[in-house]
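Visitor: Please see the structure below; I have some questions.
Here, each number is a calculation from the coordinates, and none is a lab measurement. Remember, predicted model here, so these are calculated numbers, not experimental data. Cβ coordinates were reconstructed from backbone atoms using ideal geometry, including for glycine residues, and neighbour counts include every protein chain displayed.
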Amino acid sequence: MSIPRGWAALVGIVAAAVTLAVAELVSVMVGPGGSPMVAVGAWVIDLVPPFVKDTVIALFGTADKIVLIGVLALLVAGLAALAGIAQYRRPPLGVVLLAVVAGIGALATVTRPDSSGIDALPSVIGMLAGAAVLMLTTVRLKAWRDVAAPAGEGTPVAVSTAPSRRAFLRMVGVTGVAAVVVGLGSRAFTAATAAVSAVRASRTLPPPAVAAPPVPASASLDVPGLSPVITPNADFYRIDTALQVPSVDPAEWSLRIHGMVEEEVVITWAQLIALPLEEHAVTLSCVSNEVGGDLIGTAMWLGYPLRELLKRAMPQAGADMVLSRSIDGFTASSPLEVLQEEDRACLLAVGMNGELLPLDHGFPVRMVVPGLYGYVSATKWVTELEVTTYDAEKAYWSTRGWSERGPIKTESRIDVPRSGQSVTAGTVAVAGVAWAPHTGVAKVEVQIDGGEWREARLAQAVNTDTWVQWVLEWDAAAGSHEIAVRATDATGYTQTEDEAAPAPDGATGWHRRTVSVS
Ligand SMILES: Nc1nc2c(c(=O)[nH]1)N[C@H]1C(S)=C(S)[C@@H](COP(=O)(O)O)O[C@H]1N2
Ligand SMILES: [Mo]
């Protein structure tokens, strides 16, 4: 008895299903641009000549995309069957074929507009998983064949093929079912994100009742390579514990304020955006930011002051903390008195730089607190504020060794010249940003090769809650030079030279950079 070729083809199809499923799973994490299926589909749509497109649309109407997916699926299944047979007959030919097809998927993902290199990751990881399945299952198939029709003379009368057949079928069945479950599950996840993206796109940002003054031109120094005063949303750092960005429909969103309050307050999206919203520029920083790091950005936030909501709830005596909770379970502990300060723009924010919050920055609603690191204040996808005490509750990162309170430390960073950049002797602009959120930067000084500290020129601060740009014209001579920077804030505190790691409450030290001038 010989093993029908159909089994080898099935092995190929299961391996391809695993490849696609794993690729979908990984693209849940790296972003929808990583799905090879979607990217190849889009690629084909771009590539086919218009008359083919028109014919397909004429024939199938709005089902054209389903037809496209169907044709692609048949094509992939055919190639996969071929790969299975090739791997069975002439290993590693099947794996090579699989790699080529997955390679096309990877190429399609990275050549899409606004894609990045990381978009190839799902295809590559999917390919590795598929190749492993292809090789291992082919080995099982051969084990079954060898028992069924052993090489050499004679007919095996007493050898049962059942165990090796069962082992093979089990492997094919389990991996096949797993691939379908994981693949469909991942797609559903991605589809939920797509649905909320569509909801977001269909809504407009409510106008501010209290608009921020326009960012003055004098807040921006004209130095190439310097971080812009307002960080575009697309460039804004993102930090959270969410493997998949939560999909929260604003129509279903509400915030509940409870705990040590006289009056429990529940507010819906419609109620929130009907309130007089305020606009305020705030620099947000991550406590994990290393000296010189880029986990910091500044945006124009639009939201309603938390202090006003807390006034409605009327916190009880003895409460000293607000534990904000995200829909995904993340929590942050902010000092109650900070959120109640009359002159601090602690916002329940819905807008970021003139747009509704992007999904990964907390859509529909997040917190923004000037002067506090994000982990103790900037809860995204926030749904709950519990008024409580530091004694009673610990927030997410505080149970993992980070400080319970996290005021942002005064720091400064050199943006240009960049590390390793070759600089021509003569006048060189040394420039960067400095921040002391909710305090304000008073002075920035630059030191070259351990010499005198020289005062940099500060741009105008947008407000005391934002970082400020600085520049120093440096007459650079040939050779290697070390540049250091330090800021002094409005309280008169000058950044310490002592280097501390980010844990438990923020890095310290002077940012230094070595540049070679020729
Ligand atoms: N739901 C939720 N909110 C969160 C976090 C998180 O992990 N989950 N991380 C916090 C941390 S550590 C930081 S630094 C800021 C980052 O906000 P951003 O991603 O918009 O820059 O979000 C805060 N809010
Ligand atoms: Mo953070």
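Visitor: Show that you can apply the helix-only estimate: for the chain, add -39,500 (n - 2.57) for every DSSP H stretch of four or more residues, divide by all residues, and state [θ] at 222 nm to the nearest 500.
Guide: So the helix-based figure for the chain works out to -12000 deg cm²/dmol.
Visitor: Farthest toward the dipole's positive end in segment 217-400, which of L221, T389, L347, given Cβ charges of +1 (Lys, Arg) and -1 (Asp, Glu) about the Cα centre?
Guide: T389
Visitor: OK, next. Place a +1 charge on the Cβ of each Lys and Arg in the chain and a -1 charge on the Cβ of each Asp and Glu, then give the dipole magnitude about the Cα centre in debye, rounded to the nearest 20.
Guide: That gives a dipole near 2980 debye.
Visitor: At R0 = 30 Å, how high is the FRET efficiency between V180 and A149 if r is their beta carbon distance? Nearest 0.05 is fine.
Guide: 0.40
Visitor: If you don't mind, another one. Specify whether the C-alpha gyration tensor of the chain places it in the rounded, prolate or oblate class, a ≥ b ≥ c being the square roots of the eigenvalues: rounded for a/c under 1.5, otherwise prolate if a/b is larger than b/c and oblate if not.
Guide: Prolate, because a/c is 1.5 or more and a/b exceeds b/c.
Visitor: While we're on this one: Once you place label points 7 Å from the Cα toward the Cβ at S480 and A500, how far apart are they in nm?
Guide: 3.1 nm
Visitor: Per 0.36 nm of contour for each residue apart, how much would the distance between R170 and F60 grow if the chain were fully extended, relative to their Cα-Cα spacing?
Guide: Result: 35.7 nm gained on full extension.
Visitor: With a cut-off of 8 Å between alpha carbons and a minimum separation of six or more residues, what is the relative contact order of the chain in percent?
Guide: 13 percent
Visitor: Quick one: net charge of Y390's neighbours, Cβ under 13 Å, K/R +1, D/E -1?
Guide: -4
Visitor: Using a 7 Å offset from the Cα along the Cα-to-Cβ direction at both W453 and N233, what is the distance between the two label points in nm, to one decimal?
Guide: About 4.0 nm, to one decimal.
Visitor: Modelled label-to-label distance, V96 and R312, 7 Å Cα→beta-carbon offset: nm?
Guide: Simple spin-label model gives 6.8 nm for this pair.
Visitor: With only Lys, Arg, Asp and Glu charged, each at its Cβ (+1 for the first two, -1 for the last two), find how big the charge dipole of segment 231-284 is about the Cα centre; round to the nearest 20 debye.
Guide: 180 debye
Visitor: In debye, nearest 20, what is the charge dipole magnitude of segment 217-400 about its Cα centre with +1 on Lys and Arg Cβ and -1 on Asp and Glu Cβ, if you could check?
Guide: Magnitude of the dipole: close to 180 debye.
Visitor: Would you kindly derive the ³J(HN,Hα) couplings of segment 89-102 from the backbone phi angles with the Karplus curve 6.51 cos²θ - 1.76 cosθ + 1.60 (θ = phi - 60°), listing them in order in whole Hz, with x for Gly and Pro?
Guide: 7, 9, x, x, 4, x, 5, 4, 4, 4, 5, 5, 5, 5
Visitor: Same structure, new question: Over 27 Å between Cα atoms: which of K380/K443; K311/K394; K380/K409 fall into that group?
Guide: Checking Cα-Cα distances, K380/K443 exceed 27 Å.
Visitor: Cut-off under 26 Å on the C-alpha distance; same-chain residues fewer than 8 positions from K53 excluded. Which lysines are left, in chain and number order?
Guide: Within reach: K65.
Visitor: If you don't mind, there's one more thing I want to ask. With the dipole of the chain worked out from charges on the C-beta (+1 for Lys and Arg, -1 for Asp and Glu) around the Cα centre, which of Y304, T464, S123 lies farthest toward the positive end?
Guide: Checked the options; the winner is S123.
Visitor: Please sort 365-374, 204-213, 225-234 by packing, taking for each peptide the average over its residues of neighbouring beta carbons within 10 angstrom, highest first.
Guide: Going from most to least packed, we get 365-374, 225-234, 204-213.
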